[in-house]
Structure formats: structure tokens, C-alpha cells
Amino acid sequence: MSTAVLICDDSGFARRQMARSIPDGWDVDISFAENGKMALEQIHQGKADVMFLDLNMPVMDGYQTMQAIKDQDLPTMVIVVSGDVQPEARERMLKLGALDFIRKPIDNLKLSEILEQYGLYAGDQGASRREKEQQQVVSIDSPMSEKLDIFREMANVAMGQAGEKLATLLDEFIDLPIPNVNLIESTELHMAIAEVQRNAQVSAISQGFISAGIKGEALLIFNDANFADMVKLLDYKNTVVTEELELEALLDVSNILISACLHALSTQLHVNFSHNHPIVLGRHCDVDALLSNNVSRWSKIMAVEIGYAIKSHGINFDLLLLFPDHSMDLMFERLVDLTGDE
């Protein structure tokens with residue numbers, strides 16, 4: 001008898017990746033959901049003996065979905081598959097009743113170990129047939145919506161690994177959003193930043209990177225009002241917030257986030273990025289002025305905006321990854337080729 005498997009993720013690319021990882025020998029009937037609300041409907045329809053559940057989704061996220069499953073005592077075994085790999089994220093989901101937690105991108109060996117551990121499947125780990133079944137033909141001419149979905153999932157993995165590094169350093173839970181990915185004119189960049197207050201005074205660090213013809217720039221934009229709380233979290237010996245200490249905090253946070261993001265990107269793209277030295281892009285200025293003075297050298301850009309937050313301290317800051325459009329094409333070709341979509 002087939003096992004009803006539900007894959008719940010807002011990214012079509014991520015859903016296909018998960019489906020391709022399921023061993024050929026496991027007799028399953030696979031269904032898909034784009035958010036937790038859709039997943040709950042399918043659980044009620046008996047389509048989820050086992051569910052692979054993402055955390056960061058619109059409408060109803062993984063935490064809300066797991067809470068509903070617990071409250072309603074729904075008959076499904078949940079394995080979390082997420083880019084958010086913070087220890088607290090794992091602990092919260094396990095307390096709500098999830099069986100286990102797998103980080104993105106999927107490790108087939110880890111998946112097989114979990115399936116065997118819980119008596120779901122113990123046969124051959126190969127998934128070549130499943131890969132063909134879930135293959136989707138994409139090319140450089142694919143619709144922009146498909147491309148942005150792939151880049152959003154790439155950014156989601158990078159965001160999660162960076163969040164884990166920062167959470168470990170600060171011993172705080174980092175709230176992670178759904179990455180905002182847009183292809184825009186450089187003059188429209190300020191419109192892509194959803195989380196930065198328009199009237200706020202901000203400071204920013206910029207760091208360029210390049211490899212295999214792919215180049216980009218990472219910007220950390222920090223609200224000046226958050227500096228005092230961030231200095232406390234970083235536990236510097238000098239607790240008097242000076243201009244020098246603000247700059248040290250900005251550099252420390254940017255080094256953690258940018259380094260971790262670029263490492264995750266380079267792993268997914270199979271390249272080794274060379275980093276420029278970080279530079280101070282601006283201090284105590286408004287966002288529009290900061291951006292208009294520094295990103296006009298590219299016409300079209302892909303902007304990836306990640307709005308990190310430490311809600312327990314009221315701290316919000318944005319990490320922007322900016323790529324010229326020709327780099328976007330190179331990344332897309334690598335991602336498509338390396339994941340077997342062509």
C-alpha cells in the first residue's frame with residue numbers, strides 16, 4: 001500500500017528538489033502544498049501520512065501549521081525541511097511534535113537515515129527514477145517568475161545559514177523572513193526594501209564579491225536606533241556606545257552575515273567567491289540617499305532583500321545582495337545544470 005506523502009513549501013523549485021530526493025523504492029503517492037493552510041486541507045483529505053514541511057511560508061508558516069496539527073491531533077508524521085537551521089527553530093518544531101529536522105538543500109543520506117529510523121523506508125537510497133519523474137524543463141528563456149522562484153530558494157538557504165551563525169554568536173533567536181527577490185532598475189532599488197523605515201537614519205557596510213564571471217555586492221543596512229541594543233548583545237567590554245563602537249558592531253554583524261551568505265551561495269553555485277574588503281557605505285543617513293549614491297553603476301540588477309529581526313530586542317536590519325543582470329543569467333545556468341533540471 002502506498003504511503004501518502006505531502007510536500008509543503010512555497011517554492012516550486014524546493015518542492016521538486018524534495019520530491020527528487022525521495023528514494024525510488026519507497027512506494028509513495030506524492031502531493032504538494034504551497035503553504036500551511038493548503039497543507040491542512042490535504043491532511044484532512046488523507047493525503048499526508050508523512051509530510052515534509054518548510055518553515056518560512058506565506059499565509060501560514062511552518063510553526064503555525066505544526067501548532068494546528070498538534071491542536072487538532074491530525075494524523076500525519078512531520079519531518080521539517082528548512083533553510084532555517086537555528087537550534088531554537090529545531091527545538092520549537094520538535095516540541096510541537098515534528099519527528100525530525102533536515103536542513104536545505106536536501107542531504108539524501110540524512111533523509112534515508114530518518115526514514116529508516118522511523119520505520120518508513122529501509123531500502124535502496126537511489127532516486128534516479130524519481131529525479132526523472134520530477135524533472136521540469138527550464139532554460140534561459142524560462143519565464144521570469146520561474147527564475148525568481150529558483151533564486152528565492154537559493155537565497156533562502158543562504159539566509160538560514162547566516163541566521164544560524166548570528167544566532168549562535170548572540171545566543172538569540174533570529175526571525176527570518178521569506179527573501180524578497182526582484183529584477184529592477186538600479187534607480188528603483190529603494191522600492192525593493194520592504195523592511196527599512198523610510199524616515200530612519202541608517203548606516204551601511206558594502207562588500208563586493210566575484211567568481212566565474214558572477215559578481216555582486218552585499219550591503220548590510222542597519223537602523224541607527226538599534227545600535228545600543230546590538231552593542232549590548234555583542235557583549236563588548238566597553239558598554240558606552242561611541243561612534244567607534246557602533247562601527248565595530250556594524251563590521252562584526254556584517255562579517256558574520258555576509259560571510260555565511262556568500263559561503264552558502266558559493267556551495268550552491270559550485271564557485272569560490274573572492275571578497276573585497278568591506279567598506280563603510282554611509283553613516284547616519286537616509287536609505288534613499290545611501291542607495292542612490294552607491295548603486296547607479298549597474299542598469300538592471302537582481303536585488304535580494306533579507307530583513308533579519310531580533311524581536312526580543314526590537315532590532316531589525318536588512319541584508320541586500322545585488323547582482324547585475326548578466327550575473328543573474330550565469331547563476332541561473334549553474335543552478336539549473338547542477339540540480340538536474342536540464
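None of the figures in this text is laboratory data; all of them are computed from the coordinates on show. Here the structure is a predicted model, which means the values were calculated and not measured. Glycine also receives a Cβ, built like all others from the backbone with ideal geometry; neighbour counts cover every protein chain displayed.
With the charge dipole of the chain set up from +1 on Lys and Arg Cβ and -1 on Asp and Glu Cβ about the Cα centre, the Cα lying farthest toward the positive end among the listed residues Val85, Thr239, Asn182 is that of Val85. With a ≥ b ≥ c the root eigenvalues of the C-alpha gyration tensor of region 1-105, is it rounded (a/c under 1.5), prolate (a/b larger than b/c) or oblate? It comes out rounded by the Cα gyration axes.
Size check on region 144-338: the Cα extents along the three principal axes, sorted descending, read 50, 33, 28 Å. Taken along the Cα-to-beta-carbon direction at a fixed 7 Å, the label points for Asp235 and Glu248 span 1.5 nm. Please work out whether region 5-57 counts as rounded, prolate or oblate from its C-alpha gyration tensor, where a ≥ b ≥ c are the square roots of the eigenvalues and a/c under 1.5 means rounded, while otherwise a/b larger than b/c means prolate and anything else oblate? Oblate, since a/c reaches 1.5 and b/c is not below a/b. Subtracting the Cα-Cα distance of Ala122 and Met144 from 0.36 nm times their residue separation leaves 3.9 nm of extension gain.
Stretching the chain fully between Thr3 and Glu185 yields a gain of 60.8 nm (0.36 nm per residue, less the alpha carbon separation). Annotation for region 207-239: trypsin sites (Lys or Arg not before Pro) lying in DSSP loop with at most 12 further Cβ atoms inside 10 Å of their Cβ are Lys237. If you sort the three axes of the alpha carbon gyration tensor as a ≥ b ≥ c, you get a/c of 1.5 or more for region 79-190 and a/b no higher than b/c, which makes it oblate.
Expressed in nm to one decimal, what extension gain is obtained for the pair Ala200 and Lys70 from 0.36 nm per residue of sequence separation less their Cα-Cα distance?
Details: separation 130, 0.36 × 130 = 46.80 nm, distance 4.08 nm.
That pair, Ala200 and Lys70, stretches by 42.7 nm at full extension.
Helix content alone sets the calculated 222 nm mean residue ellipticity of the chain: runs of n ≥ 4 DSSP H residues at -39500 (n - 2.57) each, divided across all residues, give -12500 deg cm²/dmol. Which listed residue (Gln125, Phe151, Val28) has the Cα farthest towards the positive end of the charge dipole for the chain, taking +1 on Lys and Arg C-beta and -1 on Asp and Glu C-beta about the Cα centre? Of the listed residues, the answer is Gln125.
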